[in-house]
Structure formats: structure tokens, C-alpha cells
Amino acid sequence: MVATHLLLLMAAAANPQVVVNGGFEGEQPITGWTASPSPQKSGVTWRADTHMFKEGKQALLLTAVHAGSLDLRQEVYLPVGALWRLSAWVKSEMPQNSRPPGISTGTPSGSQGSAQAIPEKAEWQRLEVLFRVPSPGRINIHLTPFDKAAGRVWLDDVQLEPVAENAETRETVRITAKKLSQRPIDLKQGGQFIEPLCDLLPSMIAQQVRSTSFEEDPPWKVHFKNEMDRPFRPWYPDGAVHVATYSLDPENPFNGKVSQKIELPIGRAWAGISQDGFYLEEGHSYKLRLHLRSQGDVKVRAWLHGDGETLAGPASLGAGSQEWRAAEVSLPASDSASNATLTIEFSGPGTLWLDRIYLIDENAVLGLWRPDVVNALKAMNPGIIRFGGSEIEYFEWDKVLGDWDHRAPALNTAWGGINENFVGVEEFVQLCRHIGAEPLICVRWTGRKPEDAAAEVEYFNGAASTKWGGLRARNGHAEPYAVKYWQVGNEIDEKQYEASLLSFATAMKTADPSIKLLSSFPTSKMLKSDGGYLDYLSPHDYSVGDLADNEKEFQNLGTMIRRDAPDRDVRLAVTEWNTTGGAWDLHRGMLLTLGNALACSRYQNLLHRYSDLVEIANRSNLSDSFGSGMLQPGPGWLVLTPVYFTQSFYQRAAGSFPLEITRSTPLSGYLQEPDLSATLSPDGKTLRLYAVNSTPAERHVRFVVEAALGEPRSLVKQFVVADTAETAEPEAMNTRDAPSRVALFSGPAARPGMADTNGLFHGRDEPDPIHAFVWNFPPFSVTLLEVELAKR
């Protein structure tokens, strides 16, 4: 793999034209560059300057008479994991105290480095940015001559160059006994996130019918693979359709705005509706429940069939009735099928109305959830799960209570489509309690009053003698759920929010004084206007590839808390985070890759180091969600993405304390590879080492353990998430046909085919050899080593 790494560097070095028109030559000097906004809209003019330049025959001169902003950008692809340097010559003439021009590199995951000119210097300056290329290798070069500034700026000789590094050099890492925090890493740092959007919740439940109430289902507003994101499973006419009449009837529906009406004027014939795409497992029974009314002497039946055979039924749903009634039957599957058809039909003459139809595997967990999804979620031990997101600001929680029959589907305002409302906040809380995770409920702020939020708290936490607690008891749960964590609003950053925060917090704490309150977004005004009620500030991090910026944010928020709430124990809850939140279309596929798992794991290492400050972190999102879900369910199958495995073994650090480490590499900060976190168990007996290797070469590390920690006796456990292919690829992902392309390995070897060159007692020639050991980390991998320590 070292040879491959060097070949990539040699190939890049042999191609000096990585930057198109880096010298701004020719009659159109910005050819090859994209200006944002356009020079015309930004008020910036440009021309070639043949008198003031650093190389070639000319430089680019940009002039802004009035303060404006301009960004010049190019997109390039570079070898993942390699070190590169961006450089450019910059000269400026700007008013005093202006923001200086700069250069930077970035990806959808965030900035990868930046440099700014020194404003006081008017001569040419060489700006340089050293960065390591993250997956998938897509790098944006940014030149920012003006950032809300005026004046004149010259640019010339922009270059991208590979930086050679000797990957075979064995780095020494010293693990000290110094704890970086007084508080241990919390299990809730491995939290997860659920939002009622598009196919996220439907992918997790065992209810299979689409369009259960025949309501309008508008298009989704976003997509990943637009051709296949949304399964096309319509109800369609079936049987004697040549004599039947079909319509959606707005008169007297059972649920929602319409019901399905079928008129069949003749006898000795059957007509009805069908839907395809049902998954059946032999030996399982499926509960079909629907609502019907009729005119005439009709008989109704339902059955599941496919590939020329009957799979379940037909089962009689009884004779007709002029009033709406529920009908329920159990349909045992005689065989398995991946694309069965459900048919509901009746014999005439007469008219049949159908509404709120659903089919659920009777093996469903809590009567609703897919067992494979629940088992995978429970195995992760997530600590806390959040119910929130943009759709919460339109979500009517109190309309999604009680039995499923009477819950009308609702339009998803934020994301498009329709929510069939089988999962409300109560089903979410029950799922959390079932798997042993804390629920975190985000209450709606938009268009709501403090008493509305207090009512929701009372429903879940109030005694059965209270108004809302009594409703909960009548819905079948007499005991309070004791939900501890509550967030006031989702991504609301408005003056009205800050003005109303105290009244919301007061009302919610009055309903239950024991709850913990989280803010929407972290601001100083929120902290000052909360009346001392806030327990957490809640940033969202959707650029966790930019760890330097993430760390700076943590430091700034910690400073803000100490300044504005010096006598309070306010901590951070990062209630949404990922490498991107808005990379839609096919670019969203990056979230399914091993590269995403590497970036997410580096962020988890950062969270370890800030365990005093960050108690809660909810990765976005849990399931489906246009590729961002760690769980990717389909009909009868479930794919676990690479980040599922890494998130799972990061939970093993819960309760441990992060330790300070020192490194021998000349590289600084987040350019170091592998990215490391060392933690110590509360009893001091287990040292955990997390290593993220984001490069295509094995990384050789010699660990020296400080004597105060004890002697590393034996390797207790090892976990490695890596590509199973002979040549590891950062874009490797798991699919239905290759669900284990990226896998979790445990045991003596890091991955199949890796040489067994690791050892706990190498380096006997060192001054204190018994406290040193060597480990080789595979290319594009995340590793956890658990080492047993023994005190002298």
C-alpha cells in the first residue's frame, strides 16, 4: 500500500496542470475559474495587469469600489489521504481594518485549511495551505479577494502540489496519565436522531401498505437517486374493472379527506383494488386491518398472492354495512415472497368504500417496529435518541396519539410527501424505552405557546390525575414515561425565540421540574434570557470534516458558557451532526461510504477530548434518509453502513476518561495520521486506543505508555472496520448484494490478509521496553485496541 501511495503522488506530480489557468493568462484571465457571485453582481471589476505580476506575462487585478464579497473557485479531484499544498501570490491595496484577501480549500464536509494575507503589507505575499485530502477526493480551491471589503487585489501563480511524506516511518506516540477531562465520556455521545421525513420512519416499521388512506401524496422536495428513492406502489383497479367504477369520494370518509369508492353494478363478479411490493416470510402471519362500508348485498375478501400462487388467504372480511366498521384478519404466509400483491375485492351488485388500510407482520416489535431494525439499533447501545428536525416545526404531536385507525395522514411541510402517522412521539418513546436508550423530544416552537409545550411534557411525565397524564392513561399507559431530555424548538434562531424562551422553559419546568432543557442553536442571548433554566446549548455540526473549526466552535461555546453562566453547569448537546446536511442529488452517496465512517470517527475522537463540555451528540440520521441513515432497510433486507460499525464500537468508551498524548510526527493538528484518541476506564485497568487511518498506506505507530498508567499486559480485544477487498478503497460501501464489503473484524489480525506484525512487547532496546508496543493500522480503517493494564 505504501507503493500505491507513492505512485499516486508521482502521478500527481507528473501533472502540473492540476489548477486550470493558475497564472491568469490570456485575454480572459479568469478562464477556468467560477466567480460567486458574478463580478457584475458583486460590484467587482477585473482585468489583466501586464505590469504587476509574479510569473508568466500578467496577473489578475480585481477592483471593488464599494465593500463587497467575491469568491473564485475551482473543483479538482486529488488522491484521497495524500498531503497537498495550495499556494498563491497575493497583493492588496485596501482601506485600514479591511478583511484581508485569502485562500482556502474545502469540501462538502467543511474547510480543509485557509490562509490570509497580512493587511499591513502592501507587497506581494505568498499564501500557503497544507491539507490532507479527505474522501472522496473532491476539493474546492477558493480564492477570496474580497470579504465585505473594498480596494484592489492582485492574484497570480496559483499552484497545487503534492507533499511527499514517508509513510514507512514509525511514529512514536506517548500516552500520558494526564486526564483531559474531569468527566468521563458519556454514552450519550453516541446518540442517534430520527425525524418524521419522507421514508425514514416507514423504513423502520413493519407496516407495509402505501397510501393507507388514499390521500394526496405530493412529491418530495429533495432526492438522492431520484429514479428509485420513492418506491412506486400505487393502488390500482383489479378484477372486473370493465364493469366497475372507481373514484375517490370526499363524502363521509373514515379517515382523512377521501375514501376509495368502488361501484359494481352486476353480480357473479369480483372487483377491487390491489397493491404490489409486499415482503412476506414463510411462517409469519400478517395482520390486515381496514375500514369499510357498503351499499347492497356485498361480500368482501382479501388475499396475498404472487408468482401464480396464493400466499395467504383469501380471508373473508364479512358482509357489508352502511356504517363504517373495522375489519381485521390474520393472513399466514405459506411461502416467502419479495414482491407479493395484496388484493381487497368484493362481489356485487353494490358499492364498497374502503379507508385506512394497513398490513403489519404480527412478529413486529411493540406491534409496529421491524425486528431487524430494532435488533440493530439495540446492538448499537446508542444512549440517547432524538425525535426532532425541521419537520417538528410543523408536526402536530397531539394529533398522533391513540389508535392508528383515527390518525389522519398529514402533509410533510418541510420535506414534501405525506406522513401516514403510524409513529408519533409516544411510539418513539416506547421504542427508546424498549432498547434502553434515553428519549430526547424536540417540542414545536413555531406557532405554539408555552402551554402547548407544557401539555406535551405533562402527557409523557404527568400523573394519571392530570389532564394530559389522564389522556395518556386512557391511551393505555398509566405510568408516566419520565422523559428527561426536552429541546425547545429545532433550528430556531430568531429574536422572538429568545424573547419567548423563558416563558417556554418556565411552563415546561412547572409541568415537571426534573426535566433537562436544551436550546435551539447556541447563542449568548439564549443563555442570558432563559432564566437559568437551560441545561444544554445545542449546536448542529454538518461539516465535521473540518475538525479545526469544530474544535474552535467548542472552545468558543465553552468560553461563552463560562462568561454568561459562570455559576451554572451548562453543557453542549450537539443534536445533529454529520459530514454534510445539504449535499443532495447523487453527491449524497458519500454518506454511505467507508470515507464517511472515517470522517465521523475523527469527529468522535474530538468529542472524547471535550467530554467535560459535550455530553450529548446525535448523529444525523438513523435510517434511510436519502443515504445518511446508518441503517438502510428495504423490503425484507437491511444493510448496515460502514458508520454503523464504527459508531457501535465507539460506545465502548463510555465511562472512560480521555488521556493526553504526545506525538513525534512533524505534522501538526489534524494533518496527523492516524487520528488518535486514548481513553482510560474508571478502574484504570483498560486502556482504549482509537485510531482512524484516512490514508491508503499502513500507518506504523509505536506506543509508549507512561509508567503511572501501568504495564500493558495483554491485548484484551481488537475491533477494526475496514474494506474487505484486497486493495482498500475509501469509497467502498455496503449494498444489498454486497452487504459485508465493509465489515467489522475482531481478533488478532486487523483484517484478512494483513501481516501479523503487531505486538504488545516490541522495542526491547528502548529505555523502558515493557511499556512500549507497536501496532500497524490498515489503510482506510478505524481501529479500537483494548489493552489490559497492570499496576506495578
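The values are calculated or read from the model by the stated rules, or taken from the named source; none is laboratory data. The structure displayed is predicted, hence computed values, not measured ones. Using ideal geometry, Cβ is built from the backbone for each residue, glycine included, and neighbour counts are taken over all protein chains shown. These area figures cover heavy atoms from the full protein model, side chains too; ligands, DNA and RNA do not enter into them. Shrake-Rupley method; radii C 1.70, N 1.55, O 1.52, S 1.80 Å.
Residues that are open to solvent by 60 Å² or more (accessible area, probe 1.4 Å), over 22 Å from Arg609 (Cα atoms) and modelled with pLDDT of 95 or more occur at least once in region 515-537.
When region 16-53 is filtered for residues that are farther than 22 Å from Ser69 by Cβ, outside any loop (DSSP other than H, G, I, E, B) and open to solvent by 80 Å² or more (accessible area, probe 1.4 Å), the ones remaining, listed by number, are Pro16, Gln17.
Does at least one position in region 250-264 carry a residue that is open to solvent by 60 Å² or more (accessible area, probe 1.4 Å), more than 21 Å from Glu216 (Cα to Cα) and not in a strand (DSSP E or B)?
First, the residues of region 250-264 that are open to solvent by 60 Å² or more (accessible area, probe 1.4 Å): 250-252, 257, 263.
Now drop any that are not more than 21 Å from Glu216 (Cα to Cα), which leaves 263.
Among the residues that remain, those that are also not in a strand (DSSP E or B) are: none.
Scanning region 250-264, I find no residue that is open to solvent by 60 Å² or more (accessible area, probe 1.4 Å), more than 21 Å from Glu216 (Cα to Cα) and not in a strand (DSSP E or B), so the answer is no.
Of all the residues in region 427-449, those that are assigned to a helix (DSSP H, G or I) and open to solvent by 30 Å² or more (accessible area, probe 1.4 Å) number 3.
Beta carbons closer than 9 Å, at least 6 apart along the sequence or on distinct chains, never pair a first residue in region 645-659 that is without any contact (Cβ under 8 Å) to a residue 12 or more places away in the chain and acidic (Asp, Glu) with a second that is open to solvent by less than 10 Å² (accessible area, probe 1.4 Å) and assigned to a helix (DSSP H, G or I). Within region 236-245, if we keep just the residues that are part of a strand (DSSP E or B) and in contact (Cβ under 8 Å) with a residue 24 or more places away in the chain, the residue that is nearest to the chain's Cα centre (by Cα) turns out to be Tyr236. A count restricted to region 116-131 and to residues that are open to solvent by 20 Å² or more (accessible area, probe 1.4 Å) and part of a strand (DSSP E or B) stands at 4. Of all residue pairs spaced 6 or more apart or on separate chains, those with beta-carbon atoms under 8 Å, a first member in region 153-167 that is farther than 29 Å from Ser92 by Cβ and a second member that is among the hydroxyl-bearing types (Ser, Thr, Tyr) are Ala167/Thr695.
Scanning for something in a strand (DSSP E or B) and under 22 Å from Glu165 (Cα atoms), does region 92-102 turn up at least one residue? No, region 92-102 contains no residue that is in a strand (DSSP E or B) and under 22 Å from Glu165 (Cα atoms).
With the requirement that a residue be in contact with a strand residue (DSSP E or B) (Cβ under 7 Å, 6 or more places away or on another chain), buried (at least 22 other Cβ atoms within 10 Å of the Cβ) and either without any contact (Cβ under 8 Å) to a residue 12 or more places away in the chain or within 15 Å of Thr105 (Cα to Cα) (or both), what does region 62-80 give you?
Hit for region 62-80 is Leu72, nothing else.
Just one of the listed residues (Leu572, Leu622) is without any contact (Cβ under 8 Å) to a residue 60 or more places away in the chain, open to solvent by less than 10 Å² (accessible area, probe 1.4 Å), farther than 29 Å from Thr727 by Cα and in contact with a Phe, Trp or Tyr (Cβ under 7 Å, 6 or more places away or on another chain), namely Leu572. Note on region 143-188: among residues that are among the polar types (S, T, N, Q) and more than 30 Å from Arg609 (Cα to Cα), the one that is least open to solvent (accessible area, probe 1.4 Å) is Thr144. Scanning region 485-503 for residues that are touching a residue at least 40 places away in the same chain (Cβ under 8 Å), closer than 20 Å to Arg386 by Cα and not hydrophobic (A, V, I, L, M, F, W, C) turns up Tyr485, Gln487, Gly489, Asn490, Glu491.
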